[in-house]
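**Student:** One structure is given below, represented as structure tokens, and several questions about it will come after.
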Amino acid sequence: MTETTKNSGEKLSVTSTKTLTLKRGGIEQGVVRQSFSHGRSKAVVVEKVKRRVAAPSEAKTETAAERGAVLKRLTPTPAKTPTVGETAPSVVPAQPKPGVVLRPLTQAEIDARAIALDKAEQIEIEDRKRAEQEAEALRVKRAAEEKERREAEARKVQEAERRAHEDKTKQKATEVANKRFGAETTLVKPGAARINLEEEEEAPRPRRGAGGAPVRSAPAPKPQRGTSEKRRGRLTVVNAFSADEERERSDAAFRRRERRRSGLRDSEPKEKIARDVTIPETITIQELANRMSERAVDVVRLLMKQGHMATSTDTIDADTAQLIAEELGHTVRRVAEADVEEGMFDVADDPAKLQPRAPVVTIMGHVDHGKTSLLDAIRSTEVAAGEAGGITQHIGAYQVSSPSGGRITFIDTPGHAAFTAMRARGAKITDIVVLVVAADDGVMPQTAEAIQHAKAANVPIIVAINKIDKADARPERVRTELLQHEIQVESLGGDVLEVDVSAKEKTNLDKLLDAIALQAEILQLKANPNRPAEGTVIEARLDRGRGSVATALVQRGTLKPGDIVVAGSEWGRVRALASDTGHAVVAAGPSMPVEVLGFNGTPEAGDRFAVVDSEARAREITAYRDRQKREKLAARQTGMRGSLEQMMSQLKTAGRKEFPLVIKGDVQGSVEAIVGALEKLSTNEVAARVIYSGVGAITESDVTLAEASSAVVIGFNVRAHKEAREAAERAGIEIRYYDIIYSLVDDVKKAMSGMLAPTLRETLLGNAVILEIFKVSKVGNIAGCRVTDGTVERGANVRLIRDNVVVHQGKLSQLKRFKDDAREVVAGQECGMAFENYQDMKVGDVIECYRVESVQRTL
């Protein structure tokens, strides 16, 4: 090769005897033969490129050195200034090389080149980091592959051991069969079993000729040269490099073939697993079989052996399920549906953690004896003035400070006879009962009932004799009347404290509080505040804007906002707590009454509440209680026969009329009292049927329910929504509003009295004796009579008496005197009588004439 430069006439020549090639370093090559259908094949070159990874320190040193050299080359050298006495060297202009023009670099170009070098260095560092990461990923991948390879080798060893064990077991079974049946069987070596079976399958059976001699078959054609066996499966690097290895059948195919030939299952029986089976009160056969991991058919077969015909969908009781499970070798653990409530209440506290708490005092007594007024005097409030009709119809809870500095919780209960359940509820949750008796009235029926409630709750009683400021007050008579109910006060030598007070004049209120504090000190009341809260719902209502509000008394623990509370069949997360004065509180300790906001529904008064740890447990408990409530309601509505007495009562009330009602009240306790009072009005002929009772305003759904059942809607201290009023007007449903329970009960009693059938009352008018019988054509027999006493009226009811026996009872159709119709005939006169639809009259019979009157009944 020869080239001539432009600037000079010199010739450059390169002489080479070898071919010029680029060296491809770091590449591994391999040739793979790829086979196709119809015997075609193709050689494929597989290359694997290895990337060179430079050492970080070396690359760093070279880069820095190179950059320093470039900067040194690019930086201009400053000219040297000649000193005095020196001669400036003569500047000889440099002769440029032919064809090359040199010029000094500007500062901008130098900076640009420096920046380019920095970027190149950063790119190199990033490449180096990326290469290190790839190397680390490759190392991790190779380690995983090595681990997988070791595990595969271990599995292969285990499989070989298992095969050896199976072959040994089969060999032993063959030896036993030979000894038992005396057959000569050639033992097969374990290692050759698989190969022999494959050869047997692949080798065809020899054909027999006419004489029984085997006929040789034609030899199989040999494969032609240049052809390769068809490769099965996809082409991968692994099977490409292992193409020379002989493919074998899988172990699973071998086992299937062996099982198919022998026609036997695994010789080793499966070991039966005994399980712990949880059995509820009732369970289906299929569910029981699933819990035991047994077949439902086996369970049904076992039941049939015991004489019980059933299917897998039938339900059996816990005793039968336990017998089946134990028969099949399982362990049984019995559970009841009520176990979801275990651990909620009455968990014992550590005595070392108990702390003193405030006493809970319930004010009880007869209606209008001054219970609420006494509490108003203690609290300096005017609650009694705001009560409808001047009577308490709600239960209330308050907390006041005693003269000694402690706190006292008061519960005010109604005194009306209809609020028996409220009084009983107040007595159950109290520590001390203050029995208020008016000095001018003495012991009344509700006073005696309050005494019975206090004795049933086993709580001490403090007697407060109120209204001693009246002129006709006689406290000594009250003390004497209390002796009839086994209440002996201290002034008469007993152990019951008594205090003469006046709520109007606020007399001796401090003595009453001191007596309460003394009684509480004797009781030594303590509770553990550092635990989940427990207590009782005193009252509940539905407040517009705040939702369901429950007045609760915390008895143990501390209730805080955010706690999950369960009360009866309702639950919720506490959103807020309010005291009896309406102020928000952060936490409520033992003996503290609070208003709880956050319930999903309105709980029932008297329900115990408790704090649970999760919403799932709260839902489980409330679902169980709601189910129990529905079952009880369904049993009461369908009239399930539980005893002979219930059957007789159902027979008595089979045809009685019902007065349907829909009752809505402001609080749960008032609704409960109204329903109880109306149930007492029921008789064998007419009954008040409460279709629905609830808390809150009257809604449109209540009116729809009343329309469907022809009921009357009653609102106690609540009003109807606008939509409900319009719906009631359209449907003609009556809505009655009340604020005093007396008026409500009296009106319902009057309405029920109107449904009673009237009473028939007979009034005797007079008697007559038949003297002669006259036969008149077209009329029939006419009895000629003489009135002996009273009067006989036309159209009146008559009885025909013969020998003191009533032979006919009917009406008088005609009454005549001297051929003229008469309205009535008095005693001593004679007349003619004819009966309706009756002609068999005889001389000497007595006719008794009477009038029937209907009288309206009342309850």
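The values are calculated or read from the model by the stated rules, or taken from the named source; none is laboratory data. Please read these numbers as outputs of a predicted model, since none were measured by experiment. Neighbour counts are summed over all protein chains in view; Cβ atoms, including those assigned to glycine, are modelled from backbone coordinates with ideal geometry. Heads up: the accessible areas ignore ligands, DNA and RNA and are worked out on the full protein's heavy atoms, side chains in. Shrake-Rupley method; radii C 1.70, N 1.55, O 1.52, S 1.80 Å.
**Student:** Somewhere in segment 714-727, is a residue buried (at least 20 other Cβ atoms within 10 Å of the Cβ), over 18 Å from Ser693 (Cβ atoms) and among the hydrophobic types (A, V, I, L, M, F, W, C)?
**Tutor:** Yes: segment 714-727 contains one or more residues that are buried (at least 20 other Cβ atoms within 10 Å of the Cβ), over 18 Å from Ser693 (Cβ atoms) and among the hydrophobic types (A, V, I, L, M, F, W, C).
**Student:** Right, here's the next one. Could you grab the pairs with beta carbons closer than 6 Å, sequence gap of 6+ or different chains, first residue in segment 811-840 and farther than 17 Å from Val776 by Cβ, second one assigned to a loop (DSSP other than H, G, I, E, B)?
**Tutor:** That search, which allows pairs on different chains as well, returns Lys811/Glu836; Arg823/Arg794.
Listed here are the residues, each with its yes/no results for (1) open to solvent by 70 Å² or more (accessible area, probe 1.4 Å); (2) of a type outside the set (Val, Ile, Thr); (3) in a strand (DSSP E or B); (4) closer than 20 Å to Phe410 by Cβ.
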| site | (1), (2), (3), (4) |
| --- | --- |
| Leu497 | no, yes, yes, yes |
| Lys504 | yes, yes, no, yes |
| Asp510 | yes, yes, no, yes |
| Leu513 | no, yes, no, yes |
| Ala517 | no, yes, no, yes |
| Ile522 | yes, no, no, yes |
| Asn530 | yes, yes, no, no |
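**Student:** So which pairs qualify, if the first residue must be in segment 738-757 and more than 20 Å from Lys664 (Cα to Cα) and touching a residue at least 24 places away in the same chain (Cβ under 8 Å), the second must be part of a helix (DSSP H, G or I) and charged (D, E, K, R), the Cβ gap must be under 8 Å, and the two must be at least 6 apart or on different chains?
**Tutor:** Within 8 Å, no pair qualifies.
**Student:** For residues that are of a type in the set (Asp, Glu) and at positive phi, tally how many sit in segment 798-850.
**Tutor:** Of the residues in that region, 1 qualify.
**Student:** Kindly evaluate Ile324 against the criterion of being under 26 Å from Thr622 (Cα atoms), open to solvent by less than 60 Å² (accessible area, probe 1.4 Å) and among the aliphatic types (A, V, I, L, M). Steps first, please.
**Tutor:** Numbers: under 26 Å from Thr622 (Cα atoms): no; open to solvent by less than 60 Å² (accessible area, probe 1.4 Å): yes; among the aliphatic types (A, V, I, L, M): yes.
The answer is no for Ile324.
**Student:** Which numbered condition trips up Ser548, out of (1) small (Gly, Ala, Ser); (2) surrounded by fewer than 23 Cβ atoms within 10 Å (Cβ to Cβ); (3) modelled with pLDDT of 90 or more?
**Tutor:** In the conditions (1) small (Gly, Ala, Ser); (2) surrounded by fewer than 23 Cβ atoms within 10 Å (Cβ to Cβ); (3) modelled with pLDDT of 90 or more, Ser548 misses (3) alone.
**Student:** Residues in segment 301-320 that are open to solvent by 20 Å² or more (accessible area, probe 1.4 Å) and part of a helix (DSSP H, G or I): how many?
**Tutor:** 6
**Student:** Tell me which residues, restricted to segment 580-634, are open to solvent by less than 20 Å² (accessible area, probe 1.4 Å) and farther than 21 Å from Pro532 by Cβ.
**Tutor:** Answer for segment 580-634, where residues must be open to solvent by less than 20 Å² (accessible area, probe 1.4 Å) and farther than 21 Å from Pro532 by Cβ: Gly601, Ala605.
**Student:** Restricting attention to segment 314-357, which residues are within 30 Å of Lys272 (Cα to Cα) and within 27 Å of the chain's Cα centre (by Cα)?
**Tutor:** Asp314, Thr315, Ile316, Asp317, Ala318, Ala321, Val332, Arg333, Arg334, Val335, Ala336, listed by residue number.
**Student:** When segment 451-465 is examined, which residues are found to be open to solvent by less than 30 Å² (accessible area, probe 1.4 Å) and under 21 Å from Leu523 (Cα atoms)?
**Tutor:** Across segment 451-465, the qualifying residues are Ile451, Ala454, Val459, Ile461, Ile462, Val463, Ala464.
**Student:** Out of the residues in segment 399-448 that are buried (at least 18 other Cβ atoms within 10 Å of the Cβ), more than 18 Å from Arg479 (Cβ to Cβ) and charged (D, E, K, R), state the one that is modelled with the lowest pLDDT.
**Tutor:** It comes out as Arg423.
**Student:** For the subset of segment 822-847 comprising residues that are touching a Leu at 6+ places or on another chain (Cβ under 7 Å) and closer than 16 Å to Thr791 by Cβ, which member is modelled with the lowest pLDDT?
**Tutor:** The selected residue is Ala822.
**Student:** Would you mind finding the one in Ala623, Ala610, Ala576, Ala588 that is out of contact with any Cys (no Cβ under 6 Å at 6 or more places or on another chain) and free of Cβ contacts under 8 Å to residues at least 12 places away in the same chain?
**Tutor:** Ala623
**Student:** Here's something else I'd like to know. Go through (1) closer than 18 Å to Lys750 by Cβ; (2) of a type in the set (Ser, Thr, Tyr); (3) assigned to a strand (DSSP E or B) and name the single condition Ser682 misses.
**Tutor:** (3)
**Student:** Quick check on this structure: which one of Ser701, Ser693, Ser670, Ser709 is of a type in the set (Gly, Ala, Ser) and open to solvent by 60 Å² or more (accessible area, probe 1.4 Å)?
**Tutor:** Sole residue among the options that is of a type in the set (Gly, Ala, Ser) and open to solvent by 60 Å² or more (accessible area, probe 1.4 Å): Ser701.
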